[in-house]
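The values are calculated or read from the model by the stated rules, or taken from the named source; none is laboratory data. What you see is a predicted model; the values in this text were computed from it and never measured. Methodologically, a virtual Cβ is constructed for each residue, glycine included, from the backbone with ideal geometry; neighbour enumeration extends over all protein chains shown. Protein only, heavy atoms only, side chains kept; ligands, DNA and RNA dropped before computing areas. Shrake-Rupley method; radii C 1.70, N 1.55, O 1.52, S 1.80 Å.
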Amino acid sequence: MKIKEIIDALERFAPLPLQDGFDNAGLQLGLTEAEATGALLCLDVTEEVLDEAEALGLNLVVSHHPLIFHGLKSLTGRTPVERCVMKAICNGITIYAAHTNLDNAPGGVNFKMAEKIGLTDVCFLQPCGDGRQGGSGIIGLLEEPETETGFLRRVKKTFEAACVEHTRLCGREIRKVALCGGAGAFLIPQAVSAGADAFLTGEIKYHEFQGHGEGILLASLGHFESEQYTVELLEEIIKGACPQLPVRQTRVSTNPIRYM
(Lines give C-alpha, C1' and ligand atoms only; values in the text may rest on other atoms or scores of the structure.)
Protein backbone atom coordinates (compact mmCIF):
# COMPACT_ATOMS: atom_id res chain seq x y z
CA MET A 1 0.00 0.00 0.00
CA LYS A 2 1.31 3.42 -0.94
CA ILE A 3 1.32 6.36 1.45
CA LYS A 4 -0.88 8.17 -1.07
CA GLU A 5 -3.72 5.69 -0.37
CA ILE A 6 -3.64 6.48 3.35
CA ILE A 7 -3.69 10.20 2.66
CA ASP A 8 -6.62 9.70 0.27
CA ALA A 9 -8.56 7.98 3.08
CA LEU A 10 -7.85 10.84 5.47
CA GLU A 11 -8.94 13.42 2.91
CA ARG A 12 -12.14 11.57 2.08
CA PHE A 13 -13.06 11.90 5.76
CA ALA A 14 -11.73 15.44 6.19
CA PRO A 15 -11.39 17.20 2.81
CA LEU A 16 -8.71 19.87 2.74
CA PRO A 17 -11.17 22.60 1.60
CA LEU A 18 -12.71 22.36 5.09
CA GLN A 19 -9.58 23.83 6.68
CA ASP A 20 -9.63 27.42 7.95
CA GLY A 21 -7.91 30.09 5.89
CA PHE A 22 -4.95 30.47 8.27
CA ASP A 23 -4.16 26.78 8.28
CA ASN A 24 -1.57 24.61 6.53
CA ALA A 25 -3.11 21.16 6.78
CA GLY A 26 -2.20 18.39 4.35
CA LEU A 27 1.09 16.93 3.18
CA GLN A 28 3.96 18.59 5.05
CA LEU A 29 6.89 16.77 3.47
CA GLY A 30 7.86 13.44 1.98
CA LEU A 31 7.02 11.09 -0.86
CA THR A 32 3.50 9.79 -1.25
CA GLU A 33 4.34 7.14 -3.86
CA ALA A 34 6.50 5.26 -1.34
CA GLU A 35 5.23 1.98 0.08
CA ALA A 36 3.85 2.56 3.58
CA THR A 37 5.46 0.57 6.37
CA GLY A 38 3.00 1.97 8.90
CA ALA A 39 1.71 5.16 10.50
CA LEU A 40 2.54 6.84 13.80
CA LEU A 41 -0.17 9.19 15.10
CA CYS A 42 0.38 12.29 17.25
CA LEU A 43 -0.93 15.75 18.06
CA ASP A 44 2.42 17.44 17.46
CA VAL A 45 5.50 16.43 15.46
CA THR A 46 8.62 16.58 17.61
CA GLU A 47 12.09 15.14 17.29
CA GLU A 48 11.15 12.51 19.88
CA VAL A 49 8.10 11.48 17.84
CA LEU A 50 10.26 11.10 14.73
CA ASP A 51 12.78 9.03 16.70
CA GLU A 52 9.88 6.82 17.81
CA ALA A 53 8.68 6.39 14.21
CA GLU A 54 12.19 5.42 13.11
CA ALA A 55 12.56 2.95 15.98
CA LEU A 56 9.24 1.33 15.07
CA GLY A 57 10.08 1.23 11.37
CA LEU A 58 7.11 3.43 10.40
CA ASN A 59 7.61 5.82 7.48
CA LEU A 60 4.46 7.94 7.89
CA VAL A 61 3.69 10.33 10.75
CA VAL A 62 0.16 11.73 10.86
CA SER A 63 -0.27 14.68 13.20
CA HIS A 64 -3.14 16.97 14.12
CA HIS A 65 -1.10 20.17 14.34
CA PRO A 66 0.94 20.97 11.22
CA LEU A 67 4.71 20.89 11.64
CA ILE A 68 5.11 23.66 9.05
CA PHE A 69 2.91 26.75 9.49
CA HIS A 70 5.22 29.35 7.97
CA GLY A 71 7.66 29.28 5.10
CA LEU A 72 11.19 28.06 5.82
CA LYS A 73 14.03 30.18 4.43
CA SER A 74 16.80 27.83 5.51
CA LEU A 75 17.43 24.36 6.87
CA THR A 76 20.28 24.65 9.34
CA GLY A 77 18.88 22.86 12.37
CA ARG A 78 18.56 26.17 14.21
CA THR A 79 14.91 25.64 15.24
CA PRO A 80 12.93 22.58 16.34
CA VAL A 81 10.90 22.74 13.13
CA GLU A 82 14.03 22.81 10.97
CA ARG A 83 15.50 19.88 12.91
CA CYS A 84 12.29 17.88 12.49
CA VAL A 85 12.21 18.55 8.76
CA MET A 86 15.84 17.49 8.40
CA LYS A 87 15.36 14.38 10.54
CA ALA A 88 12.27 13.32 8.58
CA ILE A 89 13.99 13.77 5.22
CA CYS A 90 17.12 11.94 6.36
CA ASN A 91 15.05 8.99 7.58
CA GLY A 92 12.57 8.84 4.70
CA ILE A 93 9.57 9.73 6.86
CA THR A 94 6.54 11.41 5.30
CA ILE A 95 4.60 13.86 7.49
CA TYR A 96 0.92 14.66 7.01
CA ALA A 97 -1.29 16.95 9.12
CA ALA A 98 -5.08 16.77 9.50
CA HIS A 99 -5.83 19.98 11.41
CA THR A 100 -8.81 22.33 11.08
CA ASN A 101 -10.18 20.24 8.22
CA LEU A 102 -10.48 17.41 10.78
CA ASP A 103 -11.89 19.85 13.36
CA ASN A 104 -14.54 20.99 10.89
CA ALA A 105 -15.45 17.61 9.37
CA PRO A 106 -18.64 15.70 10.19
CA GLY A 107 -17.63 13.14 12.79
CA GLY A 108 -14.36 15.02 13.39
CA VAL A 109 -12.43 16.13 16.46
CA ASN A 110 -15.34 17.85 18.20
CA PHE A 111 -17.60 14.85 17.66
CA LYS A 112 -14.95 12.67 19.32
CA MET A 113 -14.94 15.04 22.30
CA ALA A 114 -18.74 14.86 22.42
CA GLU A 115 -18.56 11.06 22.38
CA LYS A 116 -16.17 11.11 25.35
CA ILE A 117 -18.57 13.12 27.52
CA GLY A 118 -21.71 11.33 26.34
CA LEU A 119 -23.50 13.99 24.30
CA THR A 120 -26.47 12.99 22.16
CA ASP A 121 -28.37 14.80 19.38
CA VAL A 122 -25.09 16.37 18.29
CA CYS A 123 -24.92 18.93 15.49
CA PHE A 124 -22.58 21.71 14.38
CA LEU A 125 -22.62 24.85 16.50
CA GLN A 126 -21.66 27.00 13.49
CA PRO A 127 -22.33 25.13 10.23
CA CYS A 128 -20.46 26.05 7.09
CA GLY A 129 -22.44 28.66 5.21
CA ASP A 130 -21.28 27.89 1.70
CA GLY A 131 -22.93 24.54 1.07
CA ARG A 132 -20.03 22.47 2.41
CA GLN A 133 -20.80 19.65 4.84
CA GLY A 134 -18.99 20.73 8.00
CA GLY A 135 -18.70 23.47 10.56
CA SER A 136 -17.09 24.81 13.72
CA GLY A 137 -17.81 23.40 17.17
CA ILE A 138 -20.73 21.22 18.12
CA ILE A 139 -23.70 21.31 20.48
CA GLY A 140 -25.60 18.41 22.02
CA LEU A 141 -27.41 17.11 25.07
CA LEU A 142 -26.34 15.12 28.09
CA GLU A 143 -28.55 12.10 28.69
CA GLU A 144 -29.31 13.38 32.21
CA PRO A 145 -28.82 16.86 33.66
CA GLU A 146 -25.80 17.33 35.93
CA THR A 147 -24.83 19.88 38.52
CA GLU A 148 -22.15 22.32 37.50
CA THR A 149 -19.68 20.77 39.94
CA GLY A 150 -20.51 17.24 38.85
CA PHE A 151 -20.11 18.14 35.18
CA LEU A 152 -16.79 19.91 35.70
CA ARG A 153 -15.37 17.09 37.81
CA ARG A 154 -16.39 14.47 35.26
CA VAL A 155 -14.96 16.47 32.36
CA LYS A 156 -11.70 17.04 34.29
CA LYS A 157 -11.37 13.28 34.83
CA THR A 158 -12.37 12.32 31.29
CA PHE A 159 -9.79 14.62 29.71
CA GLU A 160 -7.12 14.00 32.38
CA ALA A 161 -6.82 17.74 32.92
CA ALA A 162 -4.51 19.01 35.65
CA CYS A 163 -6.98 21.84 36.22
CA VAL A 164 -10.13 23.29 34.68
CA GLU A 165 -10.61 27.06 34.48
CA HIS A 166 -14.26 28.09 34.63
CA THR A 167 -16.64 30.95 35.31
CA ARG A 168 -18.48 31.40 38.61
CA LEU A 169 -20.81 28.58 39.62
CA CYS A 170 -24.43 29.70 39.84
CA GLY A 171 -26.29 26.49 40.69
CA ARG A 172 -27.61 25.92 37.15
CA GLU A 173 -28.29 22.46 35.73
CA ILE A 174 -26.09 21.41 32.85
CA ARG A 175 -27.94 19.62 30.03
CA LYS A 176 -27.20 21.40 26.73
CA VAL A 177 -23.45 21.53 26.10
CA ALA A 178 -21.50 23.25 23.32
CA LEU A 179 -17.82 22.53 22.77
CA CYS A 180 -14.84 23.08 20.51
CA GLY A 181 -11.41 21.49 20.78
CA GLY A 182 -8.31 23.65 20.97
CA ALA A 183 -8.65 27.43 20.80
CA GLY A 184 -12.43 27.60 20.50
CA ALA A 185 -13.32 30.74 22.46
CA PHE A 186 -14.36 32.48 19.22
CA LEU A 187 -17.53 30.35 19.42
CA ILE A 188 -18.68 31.62 22.83
CA PRO A 189 -21.27 34.01 21.27
CA GLN A 190 -22.71 31.16 19.20
CA ALA A 191 -22.91 28.93 22.29
CA VAL A 192 -24.77 31.67 24.17
CA SER A 193 -27.15 32.27 21.25
CA ALA A 194 -27.86 28.53 21.01
CA GLY A 195 -28.92 28.44 24.66
CA ALA A 196 -26.09 26.18 25.84
CA ASP A 197 -25.83 25.67 29.58
CA ALA A 198 -22.07 25.15 29.26
CA PHE A 199 -19.33 25.75 26.71
CA LEU A 200 -16.20 23.61 26.85
CA THR A 201 -12.99 24.31 24.97
CA GLY A 202 -9.21 24.14 25.22
CA GLU A 203 -8.33 27.82 25.62
CA ILE A 204 -10.19 30.89 26.90
CA LYS A 205 -8.42 34.21 27.54
CA TYR A 206 -8.97 36.23 30.72
CA HIS A 207 -11.27 38.84 29.18
CA GLU A 208 -13.22 36.20 27.27
CA PHE A 209 -14.36 34.80 30.62
CA GLN A 210 -15.87 38.14 31.53
CA GLY A 211 -19.36 39.45 30.96
CA HIS A 212 -21.39 36.23 30.88
CA GLY A 213 -22.83 36.29 34.40
CA GLU A 214 -25.23 33.44 35.01
CA GLY A 215 -26.00 32.93 31.34
CA ILE A 216 -23.54 30.13 30.60
CA LEU A 217 -20.82 28.09 32.31
CA LEU A 218 -17.53 28.54 30.44
CA ALA A 219 -14.79 25.96 31.00
CA SER A 220 -11.26 25.64 29.63
CA LEU A 221 -9.44 22.28 29.77
CA GLY A 222 -6.12 23.10 28.13
CA HIS A 223 -5.40 22.87 24.40
CA PHE A 224 -3.61 19.53 24.44
CA GLU A 225 -6.07 17.99 26.90
CA SER A 226 -9.10 18.93 24.81
CA GLU A 227 -7.67 17.42 21.61
CA GLN A 228 -5.81 14.39 22.96
CA TYR A 229 -8.37 11.90 21.65
CA THR A 230 -7.78 13.08 18.09
CA VAL A 231 -5.22 10.28 17.75
CA GLU A 232 -8.02 7.77 18.43
CA LEU A 233 -10.05 9.32 15.65
CA LEU A 234 -7.11 9.22 13.24
CA GLU A 235 -6.57 5.56 14.06
CA GLU A 236 -10.24 4.77 13.41
CA ILE A 237 -10.12 6.50 10.02
CA ILE A 238 -6.91 4.84 8.88
CA LYS A 239 -7.74 1.36 10.17
CA GLY A 240 -11.20 1.58 8.62
CA ALA A 241 -9.67 2.16 5.18
CA CYS A 242 -6.39 0.26 5.59
CA PRO A 243 -7.02 -2.57 8.08
CA GLN A 244 -3.73 -4.36 7.39
CA LEU A 245 -1.54 -1.30 7.93
CA PRO A 246 0.46 -1.13 11.19
CA VAL A 247 -0.84 1.91 13.07
CA ARG A 248 0.47 3.18 16.40
CA GLN A 249 -0.42 6.05 18.69
CA THR A 250 2.66 7.87 19.93
CA ARG A 251 3.81 7.21 23.46
CA VAL A 252 5.53 10.60 23.55
CA SER A 253 3.70 13.34 25.43
CA THR A 254 3.96 16.36 23.16
CA ASN A 255 2.14 18.73 25.52
CA PRO A 256 4.54 21.70 26.02
CA ILE A 257 2.70 22.88 29.14
CA ARG A 258 3.49 21.65 32.65
CA TYR A 259 1.62 22.35 35.88
CA MET A 260 2.95 22.76 39.43
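Could you list which residues have their amide H under 5 Å from that of Glu165, counting only those 5 or more apart in sequence or on another chain, with H placed in the peptide plane?
Residues meeting the amide H criterion: Ser220.
What is the local net charge at Leu152, summed over the other residues whose Cβ is closer than 11 Å to its Cβ (Lys, Arg +1; Asp, Glu -1)? Write out the running numbers ahead of the final one.
Working: positive: Arg153, Arg154, Lys156, Lys157; negative: Glu146, Glu148, Glu165.
Within the 11 Å Cβ shell, the charges total +1.
Taking amide H atoms as placed 1.01 Å from N in the peptide plane, list the residues 5 or more away in sequence, or in a different chain, whose amide H sits under 5 Å from that of Leu29.
Amide H to amide H, under 5 Å and 5 or more residues apart or across chains, Leu29 pairs with Ile95.
Sequence gap at least 6, Cα distance under 8 Å: using those rules, report the relative contact order of the chain to the nearest whole percent. Before the final figure, lay out the partial values.
Values: 527 pairs, mean separation 52.5, N = 260.
For the chain, the relative contact order is 20 percent.
Quick one: the Cα spread of the range 114-260 along its three principal axes, in angstroms, biggest first?
52, 46, 29
Amide H of Lys2: which non-local residues (sequence gap of 5 or more, or other chain) have their own amide H closer than 5 Å, using H built in the peptide plane?
HN-HN under 5 Å from Lys2: Ala36.
Enumerate lysine pairs in the chain that are 8 or more residues apart or on different chains, then count those whose Cα atoms are under 22 Å apart.
16
Over the Cα atoms of the chain, each weighted equally, I'd like the Debye log10 I(q)/I(0) at q = 0.10 Å⁻¹, rounded to two decimals.
Debye output, listed in q order: -0.52.
Taking the chain as the reference, fit the longest principal axis to its C-alpha atoms, fit the long axis of helix 3-13 to the helix C-alpha atoms, and give the angle between the two in degrees, 0 to 90, nearest 10.
20 degrees
With θ set to phi - 60°, apply the Karplus curve 6.51 cos²θ - 1.76 cosθ + 1.60 along the range 212-227 and write out the HN-Hα couplings as whole Hz, x wherever there is a Gly or Pro.
10, x, 9, x, 7, 8, 9, 9, 10, 9, x, 4, 4, 4, 5, 9
How big is the dipole moment of the chain about its Cα centre under a simple scheme where the beta carbon of each Lys and Arg is +1, that of each Asp and Glu is -1, and everything else is neutral? Debye, nearest 20, please.
On the way: 23 positive and 34 negative charges, 59 e Å.
Taking the Cα centre of the chain as origin, the dipole is about 280 debye.
Quick check: with the 1.4 Å probe, what order do Cys123, Cys180 take by accessible area, largest first? Walk me through the intermediate numbers first.
Details: Cys123 70, Cys180 10 Å².
Heavy-atom accessible area, descending, gives Cys123, Cys180.
Testing the spin-label approximation: label points 7 Å from Cα along Cα→Cβ at Arg168 and Met86. State their distance in nm.
Calculated label separation equals 5.4 nm.
What are the ³J(HN,Hα) couplings of the range 69-75, residue after residue, when phi is run through the Karplus curve with 6.51, -1.76, 1.60 and θ = phi - 60°? Round to Hz, x for glycine and proline.
Taking θ as phi minus 60°, the curve returns 9, 10, x, 9, 9, 7, 10 Hz for the range 69-75.
Ordering His166, His70, His65 by how much accessible area each has at a 1.4 Å probe, largest first, what is the list?
Working: His166 80, His70 145, His65 30 Å².
Ranked from most to least accessible, the order is His70, His166, His65.
To the nearest 20 Debye, how big is the dipole of the range 1-151 about its Cα centre, given +1 on the beta carbon of each Lys and Arg and -1 on that of each Asp and Glu? Working shown, then result.
Details: 10 positive and 22 negative charges, 127 e Å.
Using only the charged Cβ atoms, the result is roughly 600 debye.
Out of all DSSP beta bridges in the range 158-260, what portion is antiparallel? Express it as a percent rounded to 5. Don't jump to the answer; show the numbers that get you there.
On the way: 2 of 10 bridges.
Percent antiparallel among DSSP bridges in the range 158-260 is about 20.
Report the accessible area of Asp51, computed with a 1.4 Å probe over the heavy atoms of all protein chains in place, in Å² rounded to the nearest 10.
Answer for Asp51: close to 70 Å² accessible.
Return P(r) of the range 19-155 (all Cα-Cα pairs; 10 Å bins starting at 0; whole %; ordered from short to long distances).
11, 32, 26, 21, 9, 1
State the percent of C-alpha pairs, over all pairs in the range 129-210, separated by a distance greater than 22 angstrom. Mind dumping the intermediate values first?
Working: 769 of 3321 pairs.
Value for the range 129-210 (Cα pairs over 22 Å): 23 percent.
Along its principal axes, what span do the Cα atoms of the range 173-260 show, with the longest given first and each in whole Å?
So the extents along the principal axes, rounded to whole Å, are 52, 33, 22.
Rank these residues by their accessible area, most exposed first, probe 1.4 Å: Thr158, Thr37. Display every interim value, and only then the final one.
Working: Thr158 35, Thr37 65 Å².
The ordering from most to least exposed comes out as Thr37, Thr158.
Please give the solvent-accessible surface of Glu208 in Å², to the nearest 10, using a probe radius of 1.4 Å with every protein chain present.
Spelled out: Glu208, probe radius 1.4 Å, area about 70 Å².
What is the helix-to-structure angle for 80-90, meaning the angle in degrees between its Cα long axis and the longest Cα principal axis of the chain, kept from 0 to 90 and rounded to the nearest 10?
40 degrees
What does the C-alpha gyration tensor say about the overall shape of the range 11-97? Classify as rounded when a/c is under 1.5, otherwise prolate if a/b is larger than b/c, or oblate. Before the final figure, lay out the partial values.
Details: a/c = 1.78, a/b = 1.12, b/c = 1.59.
Oblate.
So in the chain, what percent of DSSP beta bridges are antiparallel if you round to the nearest 5?
On the way: 18 of 37 bridges.
For the chain, the DSSP antiparallel bridge percentage is about 50.
When all protein chains stay in place, what accessible area (Å², nearest 10, 1.4 Å probe) is found for His212?
Per-residue accessible area (His212): approximately 50 Å².
Compute the angle between helix 148-158 and the longest alpha-carbon principal axis of the chain, please, reported from 0 to 90 degrees and rounded to the nearest 10.
So the inclination is approximately 10 degrees.
At a Förster radius of 41 Å, what calculated FRET efficiency corresponds to the Cβ-Cβ distance of Arg12 and Ala183, to the nearest 0.05? Before the final figure, lay out each step's value.
On the way: r = 26 Å, r/R0 = 0.64.
With a Förster radius of 41 Å, E is 0.95.
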